[in-house]
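Have a look at the structure below before the remarks.
The values are calculated or read from the model by the stated rules, or taken from the named source; none is laboratory data. Computed from a prediction, not measured in an experiment: that's the story for all the values here. Cβ: placed from backbone, ideal geometry, glycine included. Neighbour counts: every protein chain shown. Areas reflect the complete protein model, heavy atoms only, side chains present, ligands, DNA and RNA absent. Shrake-Rupley method; radii C 1.70, N 1.55, O 1.52, S 1.80 Å.
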Amino acid sequence: MALTLDLKDESTRAALDARAAPRPELRELIGLSRSEMANALADVGVPAKQQRMRVSQLWNWIYVRGVSDFDDMLNISKEMRELLKRHFTIARPEIVEEQISTDGTRKWLMRFPPRGAGRPVEVETVYIPEEGRGTLCVSSQVGCTLTCSFCHTGTQKLVRNLTTGEILAQILLARDRLGDFPDTETAEGAMVPADGRKVSNIVMMGMGEPLYNFENVKLALLIASDGDGLSISKRRITLSTSGVVPEIYRTGDEIGVMLAISLHAVRDELRDELVPINKKYPLETLMQACRDYPGLSNAKRITFEYVMLKGVNDSLADAKDLVRLLKGIPAKINLIPFNPWPGSAYECSDWEQIEKFADFVNQAGYASPIRTPRGRDILAACGQLKSESERLKKSERMALESMMIAGHGAD
Ligand code: SAH
Ligand code: SF4
């Protein structure tokens, strides 16, 4: 049975979470670049000659050891800690709900404080443990401005972009809850080697279109891959986009992480319908941006995501055209069984058809794993993440759960 921890219950909350509550009046340090952090320290009177040293101390405590309370920063004087506490916060967001699937997948619903005149927002983050690795699926926006016809997130209006700090907070909070930071009491601040970590990989495949929140996503990923901080290699970070061509070039030049493209159709006419941004950036320009992506090789391939929709894009003729379209691009193809949602107009392809499609693409020399749906019992699968902007009513949730149980899949 899936496990849901009700974090609204006072005693569970207190036992699980003894952290300080976020205080919106304080300035957030998480998400600032090193130079922004130095300027923030200057603003509160930290002398110029100390600023660099303080930034590296803070960086280490926040990102290597994962502390969320200035009082845990043992090598910083009490006086300095008091100053930091008066002006800044490194508190984690509130966890509204934590769910653990029977297959080990975890999902957190986090609440971020209002920005400006807005309301608090809620965001989902999913952790998928696998043999020898663990992948965290991170959100970049609350809702999405795009309207891909098979995607549940696409039915929600964009509420707002997440800030750099909110994107990073998803990683920090997941590592807290998984016990993935070194023990501050005993450790000498040593970094946990990449191989031994629970969160070894990041995918920007949660809610939202990351390339429509480019600056915040860029800084968050540069901080996540910083070798003196979280130190998650850029080879282990994958950004998924529906195809915002100009920002694909910028991703290659300015971020340098692995790229995934939500392809889903191999003809413009069908892709216009499934992934409407195709009208702005059609397949030819998208494929050119892929060919131009820096550093591509067989060891560094682009992932093409392809959702399997019964009778829509799953014929062998589609598979053939797919192989033709990707010719010359070091690629792997991720076949995603469609995850239904109430009111969706599509059905998942028959399992036999997905396998035929995969075999064809495989024989043409492309790795084409079928993505096993994970965390179905907690609605954590691709395209099912929702925000508080449109939370499921109980009846809808039950309908969706029974669709999941009756649905197709590898399990
Ligand atoms: N907006 C970005 C990041 C989201 S990634 C993008 O579109 O690439 C989430 C992946 O899940 C995308 O490939 C998306 O197309 C896919 N997806 C969305 N809804 C889905 C559904 N109902 N079933 C299966 N996959 C879905
Ligand atoms: Fe937005 Fe991606 Fe969903 Fe399309 S598939 S609506 S881009 S989240």
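Among the residues of segment 235-261 satisfying the criterion of being over 30 Å from residue 272 (Cβ atoms) and part of a helix (DSSP H, G or I), which is farthest from ligand 1 (Cβ to nearest atom)? My answer is 235.
For segment 280-310, a residue qualifies if it is assigned to a helix (DSSP H, G or I) and not β-branched (Val, Ile, Thr), and the qualifying residues are 283, 284, 286, 287, 288, 289, 290, 291.
Considering only residues in segment 250-269 that are away from ligand 2 (no atom under 16 Å from the Cβ) and open to solvent by less than 10 Å² (accessible area, probe 1.4 Å), the one that is farthest from residue 299 (Cα to Cα) turns out to be 255. In the condition set (1) within 15 Å of residue 314 (Cβ to Cβ); (2) within 16 Å of ligand 2 (Cβ to nearest atom), residue 347 is compliant with all but (2).
Filtering segment 270-321 to residues that are at positive phi and touching a Ser or Thr at 6+ places or on another chain (Cβ under 9 Å) leaves only 311.
So that you can scan it fast, the table gives a plain yes or no per residue for (1) within 15 Å of ligand 1 (Cβ to nearest atom); (2) open to solvent by less than 10 Å² (accessible area, probe 1.4 Å); (3) of a type in the set (Phe, Trp, Tyr); (4) closer than 24 Å to residue 256 by Cβ:
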{"residue": "166", "(1), (2), (3), (4)": "no, yes, no, yes"}
{"residue": "173", "(1), (2), (3), (4)": "no, yes, no, no"}
{"residue": "182", "(1), (2), (3), (4)": "no, no, no, no"}
{"residue": "194", "(1), (2), (3), (4)": "no, no, no, yes"}
{"residue": "212", "(1), (2), (3), (4)": "yes, no, yes, yes"}
{"residue": "218", "(1), (2), (3), (4)": "no, no, no, yes"}
{"residue": "225", "(1), (2), (3), (4)": "no, no, no, yes"}
{"residue": "233", "(1), (2), (3), (4)": "no, no, no, yes"}
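Residues that are more than 16 Å from ligand 2 (Cβ to nearest atom), in contact with a strand residue (DSSP E or B) (Cβ under 8 Å, 6 or more places away or on another chain) and small (Gly, Ala, Ser) within segment 115-152 comprise 118, 134, listed in sequence order. As a summary of the residue check, residue 160 satisfies the conditions (1) closer than 25 Å to residue 31 by Cβ; (2) within 15 Å of ligand 1 (Cβ to nearest atom) except for the one numbered (2).
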